[in-house]
Amino acid sequence: MERPRVIAKSGRAPSYEALCRDFSWAQARAWLDGLPGGRGLNIAHEAVTRHARSGLGRQIAIRWLGKRGERRELDYAALERASNRFANALAAAGVGPGERVFSLLGRIPELYVAALGTLKNRSVLAPLFSAFGPEPIAARLRIGDARLLVTTEAAYRKKIAPIAAGFPRLQVMLVGEDERLTSVPGTLDWARAMRAAADELEIGPTSPEDMALLHFTSGTTGKPKGAVHVHEAVVMHHATGRLALDLRPGDVFWCTADPGWVTGTSYGIVSPLTVGATLLVDEADFDAERWLRILEEERVDVWYTAPTAVRMMMRGGTELVRARRYPALRFISSVGEPLNPEAVFWGLDAFDLPIHDNWWQTETGGIMVANFAGMEIRPGSMGKVLPGVEAAIVRGGREGEPFELVREPGVEGELALRPGWPSMFRGYLGEEERYRKCFVEGWYLTGDLAKRDADGYLWFVGRADDVIKSAGHLIGPFEVESALIEHPAVAEAGVIGRPDPVAMEVVKAFVALKPGFEPSDALAQELVGHARKRLGAAIAPKEIAFLPGLPRTRSGKIMRRLLKARELGLPEGDTSTLEGGT
Ligand code: AMP
């Protein structure tokens with residue numbers, strides 16, 4: 001059957017034109033309260049305190065589903081008290097405003113309490129993905145100048161103890177199993193610290209420009225980047241929750257992203273709480289049957305997920321989905337990678353709802369482009385730019401190239417955004433030059449290639465750089481190459497994303513060996529094992545190929561683009577800078 005090219009908008013939601021007409025940032029700010037007495041703006045106040053104090057205290061803020069079938073609910077009043085306690089515990093440990101509090105936790109209730117308590121103490125929350133290995137953790141703790149880390153005893157022994165000597169100033173707070181006290185000398189104990197802390201707190205004065213969140217993201221070269229976000233970002237989290245995710249007070253909202261990545265914090269913690277929704281948290285990893293049961297039994301209203309998960313569900317077929325009923329489910333959206341048109345239609349077949357793609361990145365701090373509820377969907381398009389934000393397709397502008405705006409529709413270029421929205425990142429911590437390079441003639445260059453059609457819909461084309469997207473996670477090839485080179489057999493390594501039908505890309509490494517080492521399957525396995533131990537399974541390469549030497553530019557940079565073209569059997573393009581080439 002021929003598929004339609006558009007999917008009609010849903011009846012009740014305001015049209016995109018009406019959203020644009022009625023929207024202003026001043027109005028979005030007015031949707032929030034601000035700290036009492038004009039003492040500023042604090043994310044945690046908007047997410048929890050104002051609800052706890054204004055009659056919503058008995059409403060469920062977080063409904064937690066444990067891996068082993070446990071279930072815990074925290075209403076807004078309980079979340080208020082627990083996060084107050086954590087803020088007080090931080091202060092008691094001598095952690096002050098502006099200092100960085102890292103978390104390395106799975107999706108357990110303590111993670112959410114720690115996140116909100118950190119913001120209440122006006123410290124900076126830096127969440128790490130719990131599947132990271134010791135090296136990515138150490139790199140990020142160093143960049144963020146970590147003051148305190150909350151983690152579990154098991155994660156501490158495996159991943160932190162080996163690197164702890166490099167962080168003499170770092171205090172560690174350990175969460176034990178089942179509230180049991182932990183037993184690592186020199187660390188703080190979560191249960192004890194929480195018991196000793198008062199559950200009342202008046203949040204101190206917080207400027208909207210105070211640093212609140214530090215999210216790490218990966219570039220093509222060099223170390224990971226620590227993108228700085230401020231308390232004012234909450235204006236964006238709240239407004240986009242309402243406008244782009246169609247969130248309403250009282251909704252059961254499920255964001256499947258892990259808070260170790262930006263989506264899991266902005267929309268997996270902050271946004272739904274500011275709206276007064278119930279945040280559903282599932283500790284377990286993806287499992288199609290489990291997820292469908294959750295959608296049905298927990299009566300999820302709004303579901304925010306990722307294309308990899310949708311594609312994994314599609315493998316199970318529509319029958320699995322249609323075996324259940326989802327009367328509450330109203331809106332499905334997805335982010336992080338391109339959403340194939342097929343997946344949008346699959347949503348219609350399986351759930352009787354289309355999947356609404358949206359686009360943003362760590363630096364933008366919030367959804368920038370979306371298929372809004374009141375908009376006709378063009379499957380394959382990321383949607384239109386958020387009201388209040390200006391987007392353009394541009395050419396050039398990097399490394400002194402001439403810069404131009406592309407005005408004709410349908411022509412490919414880099415997606416650029418005009419800064420000025422509240423959650424725009426304020427810098428890469430300690431890397432002024434890298435930050436400055438993102439801006440050209442007043443535009444922020446996103447690093448993504450896109451096209452805009454005559455009606456303003458934006459279409460994703462690809463990344464402008466070598467960064468890899470695998471199962472929704474941004475992976476810097478340099479970080480992977482650096483870990484491989486530490487193996488005694490490896491002379492040089494070049495890492496690319498090899499296209500994959502489910503994960504979009506998988507990490508593939510090309511390795512040249514040192515004299516005396518021979519390629520073999522056993523050595524390839526050993527290198528994969530080495531990388532997994534150092535980097536964690538989420539970012540280690542899945543495949544290794546041996547080459548006698550890697551293609552490099554005359555200036556010595558590995559030509560990943562060429563490795564990728566060769567892998568895919570594509571034309572090699574301009575190789576004039578290839579060392580020893582033409
Ligand atoms: P991160 O900073 O980890 O959130 O990754 C941001 C990057 O993910 C973007 O720059 C894009 O390359 C990619 N991305 C995010 N959303 C989409 C989308 N809807 N379609 C295509 N790519 C996306």
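Values for this structure:
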read-out: Test: V262 is within 16 Å of the ligand (Cβ to nearest atom) and on the phi < 0 side of the Ramachandran plot; value: yes
read-out: The lone exception for R324 - which of (1) open to solvent by 40 Å² or more (accessible area, probe 1.4 Å); (2) closer than 23 Å to D246 by Cα it fails; value: (2)
read-out: One residue from I468, I485 being open to solvent by 30 Å² or more (accessible area, probe 1.4 Å), closer than 30 Å to T308 by Cβ and among the aliphatic types (A, V, I, L, M); value: I485
read-out: Failed item, numbered, when S207 is tested on (1) farther than 30 Å from A373 by Cα; (2) of a type outside the set (V, I, T); (3) out of contact with any Gly (no Cβ under 6 Å at 6 or more places or on another chain); value: (3)
read-out: Tally of residues being away from the ligand (no atom under 12 Å from the Cβ) and open to solvent by 10 Å² or more (accessible area, probe 1.4 Å) across segment 404-423; value: 12
read-out: Residue count for segment 394-446, restricted to those that are free of Cβ contacts under 8 Å to residues at least 40 places away in the same chain, under 22 Å from S266 (Cα atoms) and of a type in the set (F, W, Y); value: 1
read-out: Selection within segment 340-355 - open to solvent by 50 Å² or more (accessible area, probe 1.4 Å) and assigned to a helix (DSSP H, G or I); value: P341, E342, L348, D349
read-out: Condition broken by E337, with the remaining ones in (1) outside any helix (DSSP H, G or I); (2) open to solvent by less than 10 Å² (accessible area, probe 1.4 Å); (3) within 16 Å of the ligand (Cβ to nearest atom) satisfied; value: (2)
read-out: Extreme residue, farthest from the chain's Cα centre (by Cα), among residues of segment 249-283 that are open to solvent by 10 Å² or more (accessible area, probe 1.4 Å) and small (G, A, S); value: G250
read-out: Failed criterion for R330 (all others in (1) charged (D, E, K, R); (2) open to solvent by 30 Å² or more (accessible area, probe 1.4 Å); (3) closer than 21 Å to H237 by Cα; (4) within 16 Å of the ligand (Cβ to nearest atom) hold); value: (4)
read-out: Looking only at segment 356-393, and only at residues there that are part of a strand (DSSP E or B) and out of contact with any Phe, Trp or Tyr (no Cβ under 8 Å at 6 or more places or on another chain), the one that is nearest to T265 (Cα to Cα); value: N358
read-out: Inter-residue pairs, beta-carbon under 6 Å, first on the phi > 0 side of the Ramachandran plot and near the ligand (Cβ under 10 Å from one of its atoms) and in segment 344-367, second open to solvent by 20 Å² or more (accessible area, probe 1.4 Å) and of a type in the set (G, A, S), 6+ apart; value: none
read-out: Test: residue in segment 83-102 that is closer than 22 Å to A284 by Cβ and crowded, with 20+ Cβ neighbours inside 10 Å; value: no
read-out: Restricting segment 277-291 to residues that are within 19 Å of G55 (Cα to Cα) and in contact with an Asp or Glu (Cβ under 9 Å, 6 or more places away or on another chain), the residue that is farthest from the ligand (Cβ to nearest atom); value: T278
read-out: Residues of segment 430-481 classified as in contact with a helix residue (DSSP H, G or I) (Cβ under 8 Å, 6 or more places away or on another chain) and away from the ligand (no atom under 15 Å from the Cβ), total; value: 2
read-out: For A13: the one exception among (1) part of a loop (DSSP other than H, G, I, E, B); (2) under 30 Å from L295 (Cβ atoms); (3) open to solvent by 40 Å² or more (accessible area, probe 1.4 Å); value: (3)
read-out: Qualifying positions in segment 16-59 - open to solvent by 50 Å² or more (accessible area, probe 1.4 Å), without any contact (Cβ under 8 Å) to a residue 24 or more places away in the chain and part of a loop (DSSP other than H, G, I, E, B); value: D33, S54, G55, R58
read-out: Matching residues, segment 299-316, being open to solvent by less than 20 Å² (accessible area, probe 1.4 Å) and in a loop (DSSP other than H, G, I, E, B); value: V300
read-out: Qualifying helices (runs of 4 or more DSSP H) (wholly inside segment 68-145; at least 2 residues being under 19 Å from V234 (Cβ atoms)); value: 76-92, 109-120
read-out: Check on T206, more than 16 Å from the ligand (Cβ to nearest atom) and open to solvent by less than 10 Å² (accessible area, probe 1.4 Å); value: yes
read-out: Search result, residues across segment 360-381 that are open to solvent by 10 Å² or more (accessible area, probe 1.4 Å) and within 15 Å of P341 (Cα to Cα); value: E376, R378, P379, G380
read-out: Filtered residue count, segment 368-378, keeping only those that are within 16 Å of the ligand (Cβ to nearest atom) and in contact with a Ser or Thr (Cβ under 8 Å, 6 or more places away or on another chain); value: 3
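Here is a yes/no grid of residues against (1) at pLDDT 95 or above; (2) within 19 Å of P259 (Cβ to Cβ); (3) crowded, with 21+ Cβ neighbours inside 10 Å:
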{"site": "V150", "(1), (2), (3)": "yes, yes, yes"}
{"site": "A154", "(1), (2), (3)": "no, yes, no"}
{"site": "R157", "(1), (2), (3)": "no, no, no"}
{"site": "I160", "(1), (2), (3)": "yes, yes, yes"}
{"site": "F167", "(1), (2), (3)": "yes, no, no"}
{"site": "L170", "(1), (2), (3)": "yes, no, no"}
{"site": "G176", "(1), (2), (3)": "no, no, no"}
{"site": "V184", "(1), (2), (3)": "no, no, no"}
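The values are calculated or read from the model by the stated rules, or taken from the named source; none is laboratory data. Keep in mind the model is a prediction, meaning the values are calculated, not measured. Here the Cβ is made from the backbone with ideal geometry for all residues, glycine too, and neighbour counts use every protein chain on show. The protein model used for the area step is the full one, side chains on, heavy atoms only, and it has no ligands, DNA or RNA in it. Shrake-Rupley method; radii C 1.70, N 1.55, O 1.52, S 1.80 Å.
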